[in-house]
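As structure tokens, the structure follows; a few thoughts come after it.
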DNA sequence: AACTTAATTCATCACTCGTTGAATGACGGA
DNA sequence: TCCGTCATTCAACGAGTGATGAATTAAGTT
């Protein structure tokens, strides 16, 4: 007994809505990215969004899901000799963030998370998952505290460079960042904690 | 020819509006903190806000002005011996941020800046002014690059601890933060840049 | 072809928003 | 006392919001 009638999913409209939603959430934040604006830019009727995602909140939840697999980062960093892992971690993360798709997703989380409880929790969870997992596998003791310290440094780099776009931070080339900040991260990984 | 008629400014209503505006901007962000909501919490008619500040935008601009004098921070840090200045800078900044009024102002800038161009520029300027000035007076060379690196670390600490409220970061006591992060800042101040 | 299901559109509701302009009230100087 | 100035309120407009439910169109299955 196969299902009868028209099969769903053959059209890519749903994906187009999600893409432009991420785009506008990242650009304007949650409230300013109205469903009508998203619908218009996706060349779609506003009601179609409700049809697919139930509500604007549902669209947001769906839009924030993105595979930012921590294990990829982990495997690359783990290959480096222990003394170079701090530098390597910075290098890999910066290279990841420089990709437009990832960057847009990050800005989307930040702009919506600013005024939206759910989005903030997603951001917290995402950051935790991607850093905590990677760091915990590299250190000998105190994984929570060490990964927390790494997070403060890496989150601050992302925040000032990609969100605030502070000129003096943007001026660094990715490789310069790795060499300048890497040793600090290395400290958090290996040095005894006060 | 003295001015005639009733003198302005005798009532503190204007200040009450500003205070609750900062409160709601910090709590909800720009769009969700409606003028009606602000007016209600200040026990005031919505039109009075327009009367005083011209527009919601004007209210925001006024609300974001706050004396966060960098020179105070600078003077305290400069007194410490050069080798302890990184730790001291972290200590002073964390102590400052822990004050409710400062914290509210910081969250206000962040939540509004997420979706509001002007607020983001204010935040960028504020961060630049308070860190760049302090750092430039402490280092021998490359003040822009060194202060940029310090900013990435300190902004990230503020972001993860006060905005995201990541449990592992919140778990640190202020003094622990100073000892754990201080040496990293010290590196940015004194170590040769890659 | 008839039928079933999904994709898409249309018109509309019930709100909330920021802003406006006229009205009222309070206070101080002449 | 009269008048000018500011503080404060009131009612309302126009635009934009998210959401709903019924209608239409398209694509599969039998």
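Just so you know, all these numbers are worked out from the coordinates, no wet-lab data involved. Everything quoted here is computed from the prediction, not taken from an experiment. Positions of Cβ are backbone-derived with ideal geometry, glycine not excepted, and every protein chain shown enters the neighbour counts.
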Problem set entry | Dmax and Rg, reported as Rg then Dmax, of the stretch B:11-67 (C-alpha, Å) | 9.9, 28
Seminar exercise, completed: Each residue of A:181-192 has, on average, a number of other protein chain C-beta atoms within 10 Å of its C-beta equal to 3
For this session: On a 0 to 90° scale, report how tilted helix B:143-158 is relative to the longest principal axis of chain B, with both axes built from alpha carbons and the result rounded to the nearest 10.
Result: 70
For this session: Would you mind computing the Rg to Rh ratio of chain B from its alpha-carbon coordinates, Kirkwood style for Rh?
Result: 1.07
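One-quarter of the Cα convex hull surface for the protein assembly as shown, in nm²? Let's see the in-between values first.
Values: hull surface 105.6 nm².
Answer in nm², one decimal: 26.4.
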Exercise. Under the definition of partner shielding as Cβ atoms of other protein chains within 10 Å of a residue Cβ, what is the mean value for peptide B:158-165?
Worked result: 6
For this session: With an 8 Å cut-off on Cα pairs and a minimum separation of 6 or more residues, tell me the relative contact order of chain B in percent.
Result: 24
Exercise. Given 0.36 nm per residue, what is the gain on full extension from residue A:141 to residue A:52 after removing their alpha carbon distance, in nm?
Worked result: 27.4 nm
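Expressed in nm², what is the orientationally averaged projection area of the convex hull enclosing the Cα positions of the stretch B:60-133?
Numbers: hull surface 19.6 nm².
The number I arrive at for the stretch B:60-133 is 4.9 nm².
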Seminar exercise, completed: From DSSP H assignment alone, runs of 4+ in chain A each adding -39500 (n - 2.57), the sum over residues rounded to the nearest 500 puts [θ] at 222 nm at -20000 deg cm²/dmol
Exercise. Please state the relative contact order of the stretch B:121-170 as a whole percent: Cα pairs under 8 Å, 6+ residues apart?
Worked result: 24
Exercise. Can you give the Rg to Rh ratio of the stretch B:95-150, both from alpha-carbon atoms, with Rh computed by the Kirkwood formula?
Worked result: 1.06
Seminar exercise, completed: Within 10 Å of the Cβ of an average residue in A:139-152, the count of other chain Cβ atoms is 5
Exercise. Considering chain A as a Gaussian network with a 10 Å cut-off on Cα pairs, which listed residue, A:45, A:168, A:129, attains the greatest mean-square fluctuation?
Worked result: A:168
Problem set entry | C-alpha long axis of helix A:100-113 to longest principal axis of chain A, angle in ° | 80
Exercise. For chain A, modelled as a Gaussian network with Cα springs under 10 Å, which listed residue fluctuates most, A:172, A:106, A:163?
Worked result: A:172
Problem set entry | Label zone at residue B:13, where the point sits 7 Å out along the Cα-to-Cβ direction: the stretch B:40-84 residues whose backbone N lies under 16 Å | B:40-55
For this session: For the stretch B:85-188, calculate the relative contact order in percent as a whole number, restricting contacts to Cα pairs under 8 Å that are 6 or more residues apart.
Result: 45
For this session: Measure nothing fancy, just the Cα-based angle from helix B:13-28's long axis to the longest principal axis of chain B, in degrees from 0 to 90, nearest 10.
Result: 50
Problem set entry | Which of A:111, B:32 has the fewest Cβ neighbours within 10 Å, and the rest in rising order | B:32, A:111
Exercise. What residue among B:51, B:23, B:128 shows peak mean-square fluctuation when chain B is described by a Gaussian network model with Cα springs under 10 Å?
Worked result: B:51
For this session: Divide the volume of the convex hull of the Cα atoms of the stretch B:136-179 by its number of residues and quote the answer in cubic angstrom per residue.
Result: 80
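Using a Förster distance of 22 angstrom, determine the FRET efficiency expected from the C-beta separation of residue B:61 and residue B:40, and round it to 0.05.
On the way: r = 22 Å, r/R0 = 0.99.
Using R0 = 22 Å, I get an efficiency of 0.50.
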Problem set entry | Distance between the stretch B:106-154 and the stretch A:22-87 - C-alpha centres, whole angstrom | 27
